[in-house]
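The structure under discussion appears below in the form of structure tokens.
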Number of protein chains: 2
Amino acid sequence: MNVSFVGIGLMNGSLSLDLQRLYPDAVMQGISRKEATLSRALDLGLIHKTGDLDHLQDADWVFVSIPVEAIASLLPRILDAIGEQTLVVDFGSTKAAICEAVKHHPKRAQFLAAHPIAGTEYSGPDAAVLELYKNKTIMLCETAHTRVALLDKAKKLFGQLEMNIREMDPVEHDKHIAYVSHLSHITSFMLGKTVLEKETDEQNIFDMAGSGFASTVRLAKSSPEMWMPIFAQNKHNVLESLTEYISNLNAFKDKLAADAHAELLAEMKDINKIKSILEHK
Amino acid sequence: MNVSFVGIGLMNGSLSLDLQRLYPDAVMQGISRKEATLSRALDLGLIHKTGDLDHLQDADWVFVSIPVEAIASLLPRILDAIGEQTLVVDFGSTKAAICEAVKHHPKRAQFLAAHPIAGTEYSGPDAAVLELYKNKTIMLCETAHTRVALLDKAKKLFGQLEMNIREMDPVEHDKHIAYVSHLSHITSFMLGKTVLEKETDEQNIFDMAGSGFASTVRLAKSSPEMWMPIFAQNKHNVLESLTEYISNLNAFKDKLAADAHAELLAEMKDINKIKSILEHK
């Protein structure tokens with residue numbers, strides 16, 4: 001089995017570790033603009049050799065896990081370069097623009113748009129971990145546009161990774177994911193910014209920040225190179241979610257300023273129900 | 001050793017578990033307005049018997065871990081009821097109003113204002129866990145107003161719990177803690193609210209929410225009965241931190257709307273430095 005990874009950081013690196021366990025004879029090829037990334041991925045055993053975007057004829061799989069604007073711009077070129085049996089799968093956190101970019105490509109049927117709901121706040125080859133994908137959901141979009149045999153092969157592989165497969169329209173995907181993922185990255189970055197601006201004496205953060213703050217600000221450690229393009233590509237939905245979030249914050253602030261304690265208490269109790277929703281997962 | 005707990009949930013319940021390991025002969029008394037809490041705390045072995053606020057003469061320690069407005073209003077009555085050698089310690093998340101409430105009390109020297117930077121998003125007796133306080137910071141305020149022998153005894157106990165002791169002015173405490181704790185509770189509650197409002201079909205949250213969202217929204221599970229009074233009592237600082245946070249969000253939104261991608265990228269890279277600060281802890 002020949003696997004080509006376009007981008008070899010957290011997502012593809014972790015995938016390689018799992019695939020090497022499932023398929024010990026698989027040959028892993030890494031493609032990246034950054035020499036240092038390739039060399040680190042070789043050292044870590046995430047890949048066996050390096051390659052380039054224009055020689056993908058022998059690949060059984062091409063997994064594309066790079067910033068989403070690069071996915072959209074490079075996918076046509078990747079599809080141009082693949083062989084008859086190759087399947088290209090992208091792992092981008094947005095799906096509409098990516099599906100749009102290859103809509104009319106003659107090899108559209110050899111592409112599968114995917115978004116695994118998995119990750120950590122770390123990035124790069126050193127962030128790769130075994131079983132990142134286990135028990136996680138993978139969203140597949142426009143599966144009717146992928147050749148049936150290739151789609152079945154992909155579903156089998158995601159099954160071997162013990163992932164839960166769900167299908168969704170790419171426009172719907174981007175709308176929902178803005179709320180449950182993109183927005184929380186922005187709230188975290190802005191929380192980090194607000195505290196950093198205030199606490200010029202870093203010792204105060206160091207001493208007074210507890211596990212609650214660490215949890216809430218965790219996503220502010222995420223890779224700006226990955227996340228800025230996501231916000232840009234999903235701009236419309238992200239702006240909508242931000243507007244609603246800011247409006248809720250302003251309402252909370254006004255109620256607190258007006259000492260509307262009973263109202264605030266009732267509101268917080270209502271929000272508490274997110275506990276049972278999340279813990280059902 | 002006689003220990004009285006005013007409130008017997010997450011904070012005092014966890015403390016009781018640790019103290020029972022350190023002092024197997026200690027007698028633990030619980031005081032609460034809620035019968036169900038007392039009965040559950042007895043069942044769980046967090047306390048050995050129940051008591052009331054007006055009979056604290058024989059207590060060596062009285063730990064007060066209840067909503068902060070109740071701490072401020074009940075502390076004078078608790079001090080009235082204690083014996084000559086009793087030390088009263090409060091674990092409230094605000095410190096200025098609480099210190100103010102007992103400023104002129106004749107037994108002020110038998111009170112120590114404390115804030116352990118420890119906790120989880122859960123509450124009540126069932127949330128009590130061993131070693132909640134281990135390796136955590138405890139902020140002490142106005143220690144010069146506590147009788148030296150009692151202060152030394154408290155510091156020794158916090159040392160046995162393996163806590164890091166730090167002293168701070170109560171007004172300064174409330175200012176900093178608004179940023180590194182109170183604000184993140186509000187950002188989390190409002191994130192939960194925004195997503196709940198949007199995602200009326202709970203299945204979408206269930207499937208598409210990953211570990212990043214769970215981490216960012218975790219504090220929205222916190223007890224409204226505990227947190228609403230904290231926001232109210234620290235109103236001035238919380239409003240200030242909220243204003244700055246909302247202003248940062250609006251600026252981010254404006255830049256995204258204006259496609260100021262290079263600026264956003266630079267800003268996010270700058271915020272990334274919170275990683276090294278937090279991981280130094």
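All of the numbers you see were taken from the coordinates with simple rules; none came from a lab. Remember, it's a predicted structure, so these values are computed and weren't measured experimentally. Glycine also receives a Cβ, built like all others from the backbone with ideal geometry; neighbour counts cover every protein chain displayed.
Of all residues in segment B:79-102, those that are over 26 Å from B:Val171 (Cβ atoms) have Cβ atoms under 6 Å from Cβ atoms of residues that are assigned to a loop (DSSP other than H, G, I, E, B), 6 or more apart or on another chain, in B:Ala81/B:Asp54; B:Gly83/B:Gln57; B:Thr86/B:Ala59.
Can you say whether A:Ser65 is surrounded by 15 or more Cβ atoms within 10 Å (Cβ to Cβ), among the polar types (S, T, N, Q), touching an Asp or Glu at 6+ places or on another chain (Cβ under 8 Å) and within 30 Å of B:Thr216 (Cα to Cα), as far as the supplied structure shows? Even if it seems obvious, please write down each step before you answer.
Details: surrounded by 15 or more Cβ atoms within 10 Å (Cβ to Cβ): yes; among the polar types (S, T, N, Q): yes; touching an Asp or Glu at 6+ places or on another chain (Cβ under 8 Å): yes; within 30 Å of B:Thr216 (Cα to Cα): yes.
Yes: the conditions hold for A:Ser65.
Of the residues making up segment A:261-274, none is within 7 Å of another protein chain (Cβ to nearest Cβ) and of a type in the set (Gly, Ala, Ser). For B:Leu75, are the conditions met, namely being buried (at least 16 other Cβ atoms within 10 Å of the Cβ), out of contact with any helix residue (DSSP H, G or I) (no Cβ under 8 Å at 6 or more places or on another chain) and in a helix (DSSP H, G or I)? Spelling it out, it is not the case that B:Leu75 is buried (at least 16 other Cβ atoms within 10 Å of the Cβ), out of contact with any helix residue (DSSP H, G or I) (no Cβ under 8 Å at 6 or more places or on another chain) and in a helix (DSSP H, G or I).
Hey, any hits in segment B:232-249 for a residue that's farther than 27 Å from B:Asp90 by Cα, assigned to a helix (DSSP H, G or I), out of contact with any Asp or Glu (no Cβ under 9 Å at 6 or more places or on another chain) and of a type in the set (Phe, Trp, Tyr)? Before you say what the answer is, go through the steps one by one.
Kept after step one, since they are farther than 27 Å from B:Asp90 by Cα, are these residues of segment B:232-249: B:243-249.
In the following step, the residues that additionally are assigned to a helix (DSSP H, G or I) were identified as B:243-249.
From the residues that got through so far, the ones that are out of contact with any Asp or Glu (no Cβ under 9 Å at 6 or more places or on another chain) too are B:243, B:245-247, B:249.
Now restrict to residues that are of a type in the set (Phe, Trp, Tyr): B:245.
Yes, some residue in segment B:232-249 is farther than 27 Å from B:Asp90 by Cα, assigned to a helix (DSSP H, G or I), out of contact with any Asp or Glu (no Cβ under 9 Å at 6 or more places or on another chain) and of a type in the set (Phe, Trp, Tyr).
Listed here are the residues, each with its yes/no results for (1) surrounded by 15 or more Cβ atoms within 10 Å (Cβ to Cβ); (2) not aliphatic (A, V, I, L, M).
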residue	(1), (2)
B:Glu100	no, yes
B:His105	yes, yes
B:Ala114	yes, no
B:Leu130	no, no
B:Ile138	yes, no
B:Arg147	yes, yes
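Scan segment A:208-240 for residues that are hydroxyl-bearing (Ser, Thr, Tyr), buried (at least 22 other Cβ atoms within 10 Å of the Cβ) and facing chain B (nearest Cβ under 7 Å) and jot them down. Correct list: A:Thr216 only.
Note on segment A:162-181: residues that are buried (at least 22 other Cβ atoms within 10 Å of the Cβ) and in contact with a Phe, Trp or Tyr (Cβ under 7 Å, 6 or more places away or on another chain) amount to 2.
Number of residues in segment A:109-137 that are more than 9 Å from chain B (Cβ to nearest Cβ), polar (S, T, N, Q) and more than 18 Å from A:Val6 (Cα to Cα): the value is 1. Note on segment A:1-50: residues that are crowded, with 20+ Cβ neighbours inside 10 Å, out of contact with any Lys or Arg (no Cβ under 6 Å at 6 or more places or on another chain) and not in a helix (DSSP H, G or I) total 13.
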